[in-house]
Each structure stands twice: as structure tokens, then as C-alpha cells.
Amino acid sequence: MRTRVLKAILQKDLLEVSRNRTAWVPVAVIPLVFFVFLPALFLLLPRLSFFQSTMATTNLDPVQVLSVLPDEIKALFSGLTSDQLIPFAILGYFFAPMFLVMPLMVSSIVAAESFAGEKERKTLEGLLYSPATDAELFTGKVLAALLPAVGFSILSFILYTAVTNTLGYPVMGRLWFPLPGWWPLIFWITPAVALLGVLVTVLVSARVATFMEAYQSGGMLVLLVLGLVVGQATGWIYLGVLSGMIIGTILWLIDWLLLRICLRLFNRKVLIGKV
Amino acid sequence: MIQLDCVTKSFGMTRALDGLSLAVHPGEIFGLLGPNGAGKTTTIRLLNGLFPPDSGSLSVFGLDPQNHGSEIRARSGILTETPALYERLSAAENLRFYGNICGISQQKLVQRIFEVLNLFNLESRAKERVAGFSKGMKQRVALARALLHDPELLFLDEPTSSLDPESAFQVNELIRAISREGGRTVFLCTHNLLEAQRLCDRVAVIDSGRRLACGTPAELAAALFPGVRVQIDMETPVPTNLTEKISQCRGLRSIQWDGGTALMGLADPSDIPAVVTTLVAAGARISRVEPQPVSLEEIYFLLRKNHGGQV
């Protein structure tokens, strides 16, 4: 496999996506909403007097709310004051699965643009007549979706860490983020989820005609993220270090199976029939 | 350069190629003519290794497309009916992408992009996005892309079918220049018979995946329309009984009158002087004598008629 060919495909795909506003606007907006605006809201809100008075009238005790969780999770929150508990629990624990929206969204957008988009714009035929091998075309396109997804996720993580620690310092009195469970989430689960997004979109792209159809169908994977959010909130899943490694390993195994299916589907003989 | 022997290819119940045999020689412009669905695009796809034949054998540069598809595609260029350009990229960016895939070195690539854009009078539009180009310009960029890596062989699949007459003429002139000056072999698939007549050294007519005839236009004309046709223009009114008087001329096979114009079929060009002498002796005042070559269109329609095609 020639590195130069892979690089050419990767650069071309990213250049194309960067010039498609429909594709990149969500990529720019989502991190700002999820990883700057929302954490800022959760960290600044408890300091406002109207919020404190509202909380006082509702008699909502965070300690009591969290008491439904399993003991090993509750141990995470031990020693925290009521003021510290809300940002700690929400931003450090419950928010973690939401973070996976980022790799999933970026990989789905770029993969939909790269695979279904070529078909929609009738450029696929020209690509199939190029000297690039089937393996080079597939790998170049997968990397074009995977690398930005992982890259944007890590950047978002750095942004989130900076916001939560900067705005959270007055409440927590220390640099408190990230919690241990975030490390496998970022460096083990995130790449697996990004690849899952790419491969599912490749499979969907083989059956649909447009970028938007592929993106929307691939976006169904967000249900997976929602499942993790609900699982965490109910205490059914605990995203710690060990559980994070296990979940990541399961996702990599699913990726491996999907990759084998995609490799069977992605060849000139099949693709030329879809031109 | 290209060889197909008894190649068959079916898609489901549809037989796209049915025992097709062809040979294309180095340096020639070879035309594959046929109606839509005749098997022209399938032939190009097979030759580029996009899928295998069901039976028969084929080779390009002496290589089997199924095993050496990448090498064949690296040594050939292609222009399809639609230009297949990335519209959000500029002309230069499109060319750079393909140049990188073809393995042209960075230093040479910059120079080649300039050369090919210059060749097609596109250098001033190099940095503009292709989306703003006319159809003719897009097809010129696509042709520039096909030539970027200086290929030995050029596949052209209906290169002008979506163009207006002026753009089509420009593209045809470029194809002719590319072939003549670069000594490249051109494999042209078209149903535009006038285009084929202007460009091709040899043609093959196919229908339903079968070869109906193959040869130079002159060879096909000689085989299908033996003899020579000559048009003789005379000043009117023409003398009476001219047909009767020249019917005794040696070699006369047919005659059609249209006012003062006679279209005659003769056995041989050497029969023309005797016919002209007879007409003059009969009092006809001749203003023009012109042999009428058989057009590719006539050859094509006769072939299709003879083989039961819808004409």
C-alpha cells in the first residue's frame, strides 16, 4: 500500500468536507455546546443566588438523588460537599458517555461525504479508473474519516478539561478533572466508536444514494450513546477504568467484524455497479 | 496494444458482450461504434480491470487487466461521458489529486499541471472551483486529467455526448492533436458517427455485444459499397434521353437524378472519363464532377440493417 496514495485520498476528502458547509457546521458547533457552554452552565449556575434559592425551595438533596446508585459509584462522590457534588457528578461522571457523540458525529459526516458523496456527485467512476488499488481507496477513505474524528475528540477533551478545571476550581478547590474512567474512554473507546461510525456509514452508503441519507442512517448509532447515558444514570453500567477497557474491547471486536464485511463489499467489481 | 478474443460478459440475464474479438494497434485512433447498450462501456471497464469477463481473454499492453489492473490504469488515461471532477475543488486541485495517485513526483507534478492546463487554455482558471465551469470546460479539465501522467493509451467513452457542437468540436480537435502529436493510441467509444469519421483510423461496429464489422472506413466502404459513387452537376435544362445514352457506358451500375444533378454508381474510378465524355457528346453542360465517398453513417446503418438491427 503506497503512503502517498493514501495521503492524496485523505487530503482530497478532507478538503472536500471542509468546503461543504452542511458537513462541517455541526462539527464546529457541537463541541462548543457540549464541551464549553454546558459545563460552564453547570459550574456557574450553582453560584447564582436565584439558583440557590430555587434549590432551597425544592428541597432537592443531591446526596439523596445519588443514593440510588451502586455503592462503588457512590464511593466516587464521598467527601464532597453538596455544592461540589452537582458539577462532579454531572460533568465528571454522567457526562462521560455524551462525549462519544463527538467521534461518532465526525466520523459519520466525513465517511458519508467520502463514500456516499462520491456516488451522489458521480465522481466515483473517475476514482475507480484511477491506478489506486481497492485496498488503497478503502484505507485512504477510512483514514480520512477516522483521523479527524479521533483528533477532534482529543481536542474537545482538552477543551473540556480546561473549562471544567478553570471554572470548577472555585467550587472544587483543586484541579479535579479528568476522573480515572475518562482515560480509557478517550484513548480506547473513542477510536473504537469513531471506527464503528465509519464502518456503519460505509455499509449504509452502499445502499443509499446521497450524503444526507448516509449521514442520517449512520447517525442512528447515537442510540448507542444514549444507551450508555441511561445505563450510567441508572447505575447499570459504570464507566470506570476496567469497565471502560471491557466496553472498548467489545467495540473493537464489533469493528473487526464490520471491517471484514466492508472489505468484501468495497471492491471495483461491486462499486462499478453502483455508478 | 489491446487484444480481445471471444470475450463474453453478462449482467444477470443481460448479455453485454457476446464473443467480442478486437485488436487495437499502437498509435492508432480506434473507434468502437454502436448504439446505446451495445457493450462499449462494458468493453472499456473490462479493459481497465474493473470486473472480469465471463469467458474469453483480453489484454492491454500484453497484461491481463484482472491481475494488472492498477498497472494498466497507471499507463492509460480515461475520459468518460461525465467528467467526474470534484466540483468543490479547483481545476489545479483536481489535477494534483490525480497526479499524486498516479505517482508523479511533486516537482514534476507542478510543471505537468501547468503544461496540461496551458494545452487546454485553462491556465487562467486553474485556481477556480470546477463548479463554476461550463460543461465544455469541465470536459477539457477531465481530458487534461487523463493526459496528466502522459499515458501511452487513452480511453474515451462518449467524450462529447453531453456537449454543445462548439465544445464538442473543440474536444475533438484536442483529441486529434493529442493522438497525432503524442503518438498515443486512442480507444474511442462513441455513437456519434460524424465524430468517428473525423477521428478514427479504424473502427469496429458492434451491436448487442457482437462485432458486426471491423476495419478502416475505406475497407468497410469497399466491402459494403463496391465501386465508386460520383456526383455530376449539369446546367439545366439537361438534354433529353441522357439516361438512355449513358446506360450503355461500361461500369455504370446505378443512376439517380435530382434536377440537374446525377448521382451515379460506377464499378471503378476509371469509368468516370467515359461517362463524362458520353454526357458531353449528348449535349450536357457539366459544371462539376465529384466522387462521393461512402460515409461511416451509411456503413453503420447498412451493417445494422444487414444484421437485423433497428435502423
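The values are calculated or read from the model by the stated rules, or taken from the named source; none is laboratory data. Only a predicted model underlies this, so the values are computations on that prediction, with no experimental measurement involved. Note that each Cβ is placed from the backbone with ideal geometry, even for glycine, and that neighbours are counted across all protein chains shown. Just the protein is used for accessible areas: all its heavy atoms, side chains included, with ligands, DNA and RNA removed. Shrake-Rupley method; radii C 1.70, N 1.55, O 1.52, S 1.80 Å.
Points to keep in mind about this one:
- Comparing B:Gly12, B:Gly49, B:Gly77 in a Gaussian network model of chain B (Cα springs below 10 Å), the most mobile by mean-square fluctuation is B:Gly12.
- Listed residue pairs exceeding 20 Å between alpha carbons, taken from A:Lys12/A:Lys122; A:Lys7/A:Lys122; A:Lys122/A:Lys269; A:Lys12/A:Lys119; A:Lys119/A:Lys141; A:Lys141/A:Lys274: A:Lys7/A:Lys122
- Options B:Gln106, B:Pro35, B:Gly62, ranked by Cα towards positive dipole end of the range B:14-116, top entry (Cβ charges): B:Gln106
- Under Stokes-Einstein, with the Kirkwood radius over Cα pairs as Rh, the value for the range B:7-52 at 10 °C and 1.306 mPa s is 137 µm²/s.
- Nearest 10 degrees, 0 to 90: helix A:101-111 Cα axis against chain A principal axis: 10
- Among B:Phe225, B:Phe301, A:Phe187, A:Phe115, the sequence by solvent-accessible area, most first, with a 1.4 Å probe is A:Phe187, B:Phe301, B:Phe225, A:Phe115.
- Highest mobility in the GNM of chain B, judged by mean-square fluctuation with C-alpha springs under 10 Å and restricted to B:Leu46, B:Leu242, B:Leu20, is found for B:Leu242.
- Phi angles across the range B:87-97 convert, under the Karplus curve 6.51 cos²θ - 1.76 cosθ + 1.60 with θ = phi - 60°, into 3J(HN,Hα) values of 6, 7, 9, 6, 4, 5, 5, 4, 5, 4, 4 Hz, Gly and Pro given as x.
- Dimensions (Å) - chain A, Cα atoms, principal axes, largest first: 68, 34, 30
- In whole angstrom, chain B maps to an equivalent ellipsoid with semi-axes of 45, 25, 16, each derived as √(5λ) from the alpha carbon gyration tensor and ordered largest first.
- Taken one residue at a time, the phi angles of the range B:209-219 give Karplus couplings (6.51, -1.76, 1.60, θ = phi - 60°) of x, 10, 7, 8, 6, 8, x, 6, x, 5, 5 Hz. Gly and Pro are set to x.
- 5 angstrom amide H check on A:Ala206, placed H, neighbours 5+ away: none
- Solvent-accessible ranking of B:Asp271, B:Asp18, B:Asp258, B:Asp150, largest area first, probe 1.4 Å: B:Asp258, B:Asp150, B:Asp18, B:Asp271
- Accessible area that becomes buried as A packs against B, both chains, 1.4 Å probe, Å², nearest 100: 2700
- Residue order for B:Thr185, B:Thr261 - accessible surface, 1.4 angstrom probe, largest first: B:Thr261, B:Thr185
- Magnitude of the charge dipole, the protein assembly as shown, Cβ model with Lys/Arg +1 and Asp/Glu -1, debye to 20: 540
- Over the protein assembly as shown, volume per residue of the alpha carbon convex hull, in Å³: 205
- Between the range A:123-183 and the range B:26-85, the Cα center-to-center distance that results, in Å: 41
- Computed from Cα positions, the angle between helix A:222-233 and the longest principal axis of chain A comes to roughly 20 degrees.
- Rounded to 5, the percent of DSSP beta bridges in the range B:113-266 classed as antiparallel: 75
- Seen from all directions on average, the range A:86-183 presents a Cα convex hull projection of 7.8 nm².
- Other-chain or far-sequence residues with amide H under 5 Å of A:Ile237's (modelled H): A:Gln232
- Antiparallel content of DSSP bridges confined to the protein assembly as shown, in %, to 5: 70
- Each 5 Å bin from zero up to the one holding the largest Cα-Cα distance in the range A:132-255 carries the following percent of pairs: 2, 10, 14, 19, 19, 15, 9, 6, 3, 2, 1, 0.
- Within a Gaussian network of chain B (alpha carbon springs, distance under 10 Å), most fluctuating of B:Pro151, B:Pro291, B:Pro83: B:Pro291
- Here the sum of -39500 (n - 2.57) over DSSP H runs of 4 or more residues, divided by the residues of the protein assembly as shown, equals -15500 deg cm²/dmol at 222 nm, to the nearest 500.
- Under 5 Å from the amide H of B:Met234 lie the amide H atoms of B:Thr261, B:Ala262, B:Ser287, each residue being 5 or more positions distant or on a separate chain, with H modelled from the backbone and absent for Pro and chain starts.
- Along the range B:182-188 the Karplus relation, 6.51 cos²θ - 1.76 cosθ + 1.60 evaluated at θ = phi - 60°, assigns HN-Hα couplings of x, x, 7, 8, 10, 10, 9 Hz to successive residues, with x for each Gly and Pro.
- Seen against the Cα atoms of chain A and their longest principal axis, helix A:21-32 is set at about 20 degrees.
- Global geometry of the range B:64-114, whether rounded, prolate or oblate, following the gyration tensor of its Cα atoms and the 1.5 cut on a/c: oblate
- A full extension of the chain between A:Thr234 and A:Trp256 corresponds to an added length of 4.9 nm, given 0.36 nm per residue minus the alpha carbon distance.
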